[in-house]
Amino acid sequence: MCRRVFVTGATSGIGKEIAISFAQYGDNLLLCARREEKLAELKAELEADYDVRVDTFTLDVRNREEVETKVPQAIKAFGGVDILVNNAGLAQGLDDFQDSSIDDAVTMIDTNVKGLIYVARKVLPFMMEQNSGHIINMGSTAGIYAYAKGAVYCATKAAVKTLSDGIRIDTIATDIKVTTIQPGIVETPFSEVRFHGDAQRAASVYAGIDAIQPEDVADIVLYVSNQPKRVQISDVTIMANQQATGFMVHKK
Ligand code: NDP
Ligand code: 8X3
């Protein structure tokens, strides 16, 4: 059966591969992010390759008013929602906490925590109304294991895990499922964003590691979404084979 899947942060990396995986599976997609031209490119690519409907809209998840206006409008125009993948997120900076930028901290908290809450809060009424749905939140191994110079990013991802658990508790009387996906090191533009565009420093993060690829995470998200009604996968943690904990990697 064709599902209605809403993915935030679909213009790059993991979110983009998740959109492609669901399209390959035959699901209709509602996609958002800030970059309009990237959304348009992805929509054209998916509609050319697969027989699915793809709706897109620009959204900055940090902007509460924008989320509260645009998300319900987009869902209504799309015809409802069965699955929300709350993927939009980022890291900014890699510095000892005492030297770290407060602006970077605010951006991470506004995006990864407040943005996720704004979106989930606007999607849930549709799921409550139909007594079904699946919220898949993108956490991280960073939310389980704090690592040096990443205190705020790690804290935001710990918050994602806690929010998922709390939403699962509060919606227990419904058939809604909630899952946290916790990937380790995935090779995407994530590090380039973290280092404010320093591509060389970003490449060094993945040097000597056979990092997880975004399509590996997308496969797992699809698997999680394809369980029978009675099965709810609460959490999935995915490490690179050369990774032991959050940032504890063995480089070759
Ligand atoms: P990318 O930088 O490749 O993708 C991030 C996506 O989030 C982009 O589509 C970006 O779109 C979107 N985004 C960022 N800020 C906003 C915003 N304010 N409003 C709306 N969309 C936004 O990184 P990844 O694919 O790696 O990251 C995706 C998620 O996975 C994040 O939550 C990240 O924390 C998490 N993660 C990443 C890991 C990794 O190692 N790469 C591991 C574990 C988790 P646009 O710029 O167009 O708005
Ligand atoms: C992103 C993975 O290890 O760079 O969440 O923090 S890591």
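Bear in mind that the values in this text are calculations on the coordinates, not laboratory data. Just so it is clear, the model here is predicted, and its values are computed rather than measured. Counting neighbours? That spans all protein chains shown, and the Cβs are built from the backbone with ideal geometry, glycine included.
Data table
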| item | result |
| --- | --- |
| Flag if Arg201 is within 30 Å of Pro125 (Cβ to Cβ), among the basic types (Lys, Arg) and more than 13 Å from ligand 1 (Cβ to nearest atom) | no |
| Residue list for segment 127-144, restricted to those being more than 9 Å from ligand 2 (Cβ to nearest atom) and touching a Gly at 6+ places or on another chain (Cβ under 8 Å) | Met127, Gln130, Ile144 |
| Scan of segment 66-111 for residues that are more than 14 Å from the chain's Cα centre (by Cα), assigned to a loop (DSSP other than H, G, I, E, B) and touching a residue at least 60 places away in the same chain (Cβ under 8 Å), ordered by number | Gly79, Gly80, Val81, Asp82, Gln92, Gly93, Leu94 |
| Some residue of segment 46-58 being in contact (Cβ under 8 Å) with a residue 12 or more places away in the chain, in a helix (DSSP H, G or I) and within 16 Å of ligand 2 (Cβ to nearest atom) | no |
| Residue under evaluation Gly139, criteria (1) within 15 Å of ligand 1 (Cβ to nearest atom); (2) farther than 15 Å from Ser234 by Cα, criterion not met | (2) |
